[in-house]
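**Student:** Sharing a structure, written as structure tokens. Questions coming.
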Amino acid sequence: MSTLSEEVRRRRTFAIISHPDAGKTTLTEKLLLYGGAVHLAGSVKARRAQRHATSDWMKMEQERGISVTSSVLQFDYRGFRVNLLDTPGHQDFSEDTYRTLVAADSAVMLLDNRKGVEEQTRKLFNVCKLRRTPVFTVVNKCDRPGEDPFQLLDDVEADLGVACYPVTWPVLDGDRFVGVYDRRRDLVLRFRRGEDHGQSRVETDALALDDPALEDTIGAATLERLREEVELLDAAGAPYDEAAVRAGTLSPTFFASALTNFGVEPFFRTFLDLAPAPVPRETTEGEVSPEHDAFSGFVFKIQANLDPKHRDRIAFLRVCSGRFEAGADVSNLRSGKPLRLAQPQSFLARDRQAVEEAWPGDVVGIHDRGSLRIGDTLTDGDIGEYRDIPRFSPEHFARVRIGDPLRRKHLDTGLRQLSEEGAAQVFYAESIAGPAPIVGAVGPLQFDVLLHRLEHEYGVSATLERLPYVAARWVTGPTAEIERVAGGYDRVQVTDSRDRPLILFQSTWSLQKTEANEAEVLGFHSVAP
Ligand code: G4P
């Protein structure tokens, strides 16, 4: 087997999707602990401290070193090379959060055992569903009593329209989470309580479900309950189906406590076995296999340095095929221009590190002076362009105002470029004075960044007037019908930078009602069609 196919096979590139407080930071720390990358856990913690400490994005920027380096965590575990892509959440929830999922080969959906599916989880899950990304579910915080596991999974299935296949099942002694049953290995893993509050790995005793010694280990009542529940699962649950997992319609599910580490290791090892290695990706000229000889990849995120003294930017490139080599000459298929991959960085540790080579599934950071855009395909071979990274519908809107009308040209240039870079989306509404720009964002922090960059990079001092809209849909259908539907009192019609029409709604209720009533005449799209 060639080095390329070996490297591809051992790559696992994924993101954790969750609602704030479900335990993503804690789980990330524990995965790093199991991966032996303990020194990294500090940077994850620092990020959490920073999050709790401030909602002020300027301060977040001062901590930028941390957020850049923890954007991708790479480590080895049981022979796998793991790339854990950090999805910004909390106050910095933005379109980047969605775009990161495009660079992942699978996702881990982390749920709080008392809360199940929450709003942010649902949004992120829907992006995975749209892209058919395999999703693995982890029910967290099982160290404290939560919703009944059967009920919880029923709720997930009903809410998200995905079937769950429990790979591990909680062993409960009354309310106490004492172990998990691993259905694939037919092993009951009884946790031995550590003394150090989850600082180190958890030891377990492992016994088969029909092992006579099990009763002594977990107690007769606990065993009886477990046996009954496992019988129910076998009889009533969906069977394991690898094709369905790959298609994103069946979610292998695990129970764990990231805080105490209970169940984390059984989850992680099985996840790595079942999760896909990089698979072929669609281009304008057909699929490209990761084992294709030519190097190729696409840019999914651009991080601008907001310090005006350093105008360099970092483009995050997901390697899709072949071998990435530092210093290699490649071309940018959008612009047709050559590009040297100088000073690429990986994000292995607290400090960015120079990277010499990378393989499909890896993410490298490339310095950019403004020539790259989100979605750009870079390659040294003869392949098509990777499919566009879609624009996701924003939920916050504002009208842009400038004090000095003579700066309007600069404003338009700035808005166009910043929108191409993915900082925010720009729409135009009809007004007496001509098309008036409206900016849209997935998270409100994007607005602060936008204003700052308009001022420092384009010399435009602008203000934003927040608008009452909360949802947007691209609409397709006859123009007269679009205008009729957009004519309602609680909505407005705008166009995006490519002149595609959208309707902005003041409430999700109104949006849903309109979608239901008008489905026969118009198409409604939450992602640009
Ligand atoms: P997030 O990144 O998804 O927002 O969640 P984070 O890991 O920061 O966890 C949110 C809170 O939930 C933290 O408590 C954390 O300790 C707790 N937590 C995470 N995993 C578990 C678990 O398995 N069991 C229990 N019982 N709690 C868990 P906090 O009090 O907000 O912060 P801290 O003071 O503990 O750091």
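The values are calculated or read from the model by the stated rules, or taken from the named source; none is laboratory data. What you see is a predicted model; the values in this text were computed from it and never measured. Please note: Cβ atoms are built from the backbone with ideal geometry, for glycine as well, and neighbour counts cover all protein chains shown. The area values use the complete protein model at the heavy-atom level, side chains included, leaving out ligands, DNA and RNA. Shrake-Rupley method; radii C 1.70, N 1.55, O 1.52, S 1.80 Å.
**Student:** Tell me, yes or no, whether the stretch 156-168 has at least one residue that is within 20 Å of residue 275 (Cβ to Cβ), out of contact with any helix residue (DSSP H, G or I) (no Cβ under 9 Å at 6 or more places or on another chain) and open to solvent by less than 70 Å² (accessible area, probe 1.4 Å). Write out each step before concluding.
**Tutor:** Residues of the stretch 156-168 within 20 Å of residue 275 (Cβ to Cβ): 156, 160, 162-168.
Still in the list and also out of contact with any helix residue (DSSP H, G or I) (no Cβ under 9 Å at 6 or more places or on another chain): 156.
Next, only the ones that are open to solvent by less than 70 Å² (accessible area, probe 1.4 Å) stay: 156.
Taking every residue of the stretch 156-168 in turn, at least one turns out to be within 20 Å of residue 275 (Cβ to Cβ), out of contact with any helix residue (DSSP H, G or I) (no Cβ under 9 Å at 6 or more places or on another chain) and open to solvent by less than 70 Å² (accessible area, probe 1.4 Å).
**Student:** Kindly indicate whether any position in the stretch 462-482 is on the phi > 0 side of the Ramachandran plot and part of a loop (DSSP other than H, G, I, E, B). Before you say what the answer is, go through the steps one by one.
**Tutor:** To start, the set of residues in the stretch 462-482 that are on the phi > 0 side of the Ramachandran plot comprises 477.
Adding the requirement that they be part of a loop (DSSP other than H, G, I, E, B) leaves 477.
Scanning the stretch 462-482 turns up at least one residue that is on the phi > 0 side of the Ramachandran plot and part of a loop (DSSP other than H, G, I, E, B).
**Student:** Which residue pairs have Cβ atoms under 7 Å apart, sit 6 or more places apart or on different chains, and have a first residue in the stretch 144-166 that is in contact (Cβ under 8 Å) with a residue 24 or more places away in the chain and a second that is part of a loop (DSSP other than H, G, I, E, B) and of a type in the set (Ser, Thr, Tyr)?
**Tutor:** Taking only residues 6 or more apart or on different chains, the pairs are 162/249; 163/249; 165/240.
**Student:** Yes or no: residue 387 of a type in the set (Lys, Arg), touching a strand residue (DSSP E or B) at 6+ places or on another chain (Cβ under 6 Å), under 30 Å from residue 129 (Cβ atoms) and open to solvent by 30 Å² or more (accessible area, probe 1.4 Å)? Break it down into steps so the answer makes sense when it comes.
**Tutor:** On the way: of a type in the set (Lys, Arg): yes; touching a strand residue (DSSP E or B) at 6+ places or on another chain (Cβ under 6 Å): yes; under 30 Å from residue 129 (Cβ atoms): yes; open to solvent by 30 Å² or more (accessible area, probe 1.4 Å): yes.
For residue 387, the condition - of a type in the set (Lys, Arg), touching a strand residue (DSSP E or B) at 6+ places or on another chain (Cβ under 6 Å), under 30 Å from residue 129 (Cβ atoms) and open to solvent by 30 Å² or more (accessible area, probe 1.4 Å) - is met.
**Student:** Next question, about the same structure. Could you list, in sequence order, the residues of the stretch 397-421 that are of a type outside the set (A, V, I, L, M, F, W, C) and more than 29 Å from the chain's Cα centre (by Cα)? Steps first, please.
**Tutor:** Our first condition is that a residue be of a type outside the set (A, V, I, L, M, F, W, C); within the stretch 397-421, this holds for 399, 401, 403-405, 407-410, 412-414, 416-417, 419-421.
Result: 401, 403, 404, 405, 407, 408, 409, 410, 412, 413.
**Student:** For residues in the stretch 215-268 being aromatic (Phe, Trp, Tyr) and buried (at least 18 other Cβ atoms within 10 Å of the Cβ), which is modelled with the lowest pLDDT? Give the derivation first.
**Tutor:** Within the stretch 215-268, the first condition is being aromatic (Phe, Trp, Tyr), and the residues that meet it are 240, 254-255, 262, 267-268.
Narrowing further to those that are buried (at least 18 other Cβ atoms within 10 Å of the Cβ): 254-255, 262, 267-268.
Numbers: 254: 98, 255: 98, 262: 91, 267: 97, 268: 96.
Going through the qualifying residues, I end up with 262.
**Student:** Let me ask another. Check 471, 516, 480, 433 and return the single one that is open to solvent by less than 70 Å² (accessible area, probe 1.4 Å) and either in contact (Cβ under 8 Å) with a residue 24 or more places away in the chain or of a type in the set (A, V, I, L, M) (or both).
**Tutor:** Values: 516 fails: open to solvent by less than 70 Å² (accessible area, probe 1.4 Å); 480 fails: open to solvent by less than 70 Å² (accessible area, probe 1.4 Å); 433 fails: open to solvent by less than 70 Å² (accessible area, probe 1.4 Å).
Sole residue among the options that is open to solvent by less than 70 Å² (accessible area, probe 1.4 Å) and either in contact (Cβ under 8 Å) with a residue 24 or more places away in the chain or of a type in the set (A, V, I, L, M) (or both): 471.
**Student:** Could you list, in sequence order, all residues of the stretch 113-155 that are buried (at least 20 other Cβ atoms within 10 Å of the Cβ) and of a type in the set (D, E, K, R)?
**Tutor:** Scanning the stretch 113-155 gives 141, 143.
**Student:** Among the residues that make up the stretch 364-385, is at least one of them part of a loop (DSSP other than H, G, I, E, B) and in contact with a Gly (Cβ under 6 Å, 6 or more places away or on another chain)?
**Tutor:** Just the residues of the stretch 364-385 that are part of a loop (DSSP other than H, G, I, E, B), to begin with: 369-376, 380-385.
The next check asks that each one be in contact with a Gly (Cβ under 6 Å, 6 or more places away or on another chain); those that pass are 374.
So far as the stretch 364-385 goes, yes, one or more of its residues are part of a loop (DSSP other than H, G, I, E, B) and in contact with a Gly (Cβ under 6 Å, 6 or more places away or on another chain).
**Student:** Here's something else I'd like to know. Quick check on this structure: which one of 293, 216, 205 is away from the ligand (no atom under 16 Å from the Cβ) and without any contact (Cβ under 8 Å) to a residue 12 or more places away in the chain?
**Tutor:** The conditions single out 216.
**Student:** Read through the list (1) away from the ligand (no atom under 15 Å from the Cβ); (2) open to solvent by 10 Å² or more (accessible area, probe 1.4 Å), then give the number of the only condition that residue 193 fails.
**Tutor:** (1)
**Student:** Within the group 280, 276, which residue is free of Cβ contacts under 8 Å to residues at least 40 places away in the same chain and within 22 Å of the chain's Cα centre (by Cα)? Spell out the reasoning first.
**Tutor:** Values: 276 fails: free of Cβ contacts under 8 Å to residues at least 40 places away in the same chain.
Residue meeting the stated conditions: 280.
**Student:** Would you be able to say whether some residue in the stretch 437-454 is more than 25 Å from residue 389 (Cβ to Cβ) and outside any loop (DSSP other than H, G, I, E, B)? Break it down into steps so the answer makes sense when it comes.
**Tutor:** Narrowing the stretch 437-454 to residues more than 25 Å from residue 389 (Cβ to Cβ): none.
Looking for residues that are more than 25 Å from residue 389 (Cβ to Cβ) and outside any loop (DSSP other than H, G, I, E, B), one finds none in the stretch 437-454, hence no.
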